[in-house]
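Asker: Please read through the structure below; I'll follow up with questions.
What follows is calculated from the coordinates using simple rules that are stated; it is not laboratory data. All of these numbers come straight from a predicted model, not from anything done at the bench. Heads up, the Cβs are rebuilt from the backbone with ideal geometry, glycines too, and the neighbour counts pull from every protein chain shown.
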Amino acid sequence: MNFTAFFAGELLAQMHSYDWGPGMSGWGFHSGWLWQPIIMGIIVVLIILGVVSLVRWKGASVKEETPLDILKKRYARGEIGKDEFEEKKMDLGA
């Protein structure tokens, strides 16, 4: 670092009164200490709510198979014949 750059930086600091002391806020503590945990808490809560709503939305879109759906698939695959399909369909009340 050359002397001119150092001197210019010191002069700039004195001109803009950057010498407020600890925390540079004039109150003895940095004001970010007050707001940072609050903002971080809000962000964490929003992330958690987003994940929970996404899981619920995805879970609601999964359709549960009915016994009749399973019976139709078994008939379509040829696991059961037409007579057995009709008999079981009547047993299910469909």
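Asker: What net charge is computed for the residues neighbouring Pro67, neighbours being all others with C-beta under 12 Å from the C-beta of Pro67, Lys and Arg scored +1, Asp and Glu -1?
Answerer: So the environment of Pro67 carries a net charge of +1.
Asker: What nm value, rounded to one decimal, do you get for the distance between Ala76 and Val51 when each label is placed 7 Å out toward the C-beta?
Answerer: About 3.7 nm separates the two model spin labels.
Asker: Extending each Cα 7 Å along its Cβ direction at Glu65 and Met90, get the distance between those two points in nm, one decimal.
Answerer: Simple spin-label model gives 2.5 nm for this pair.
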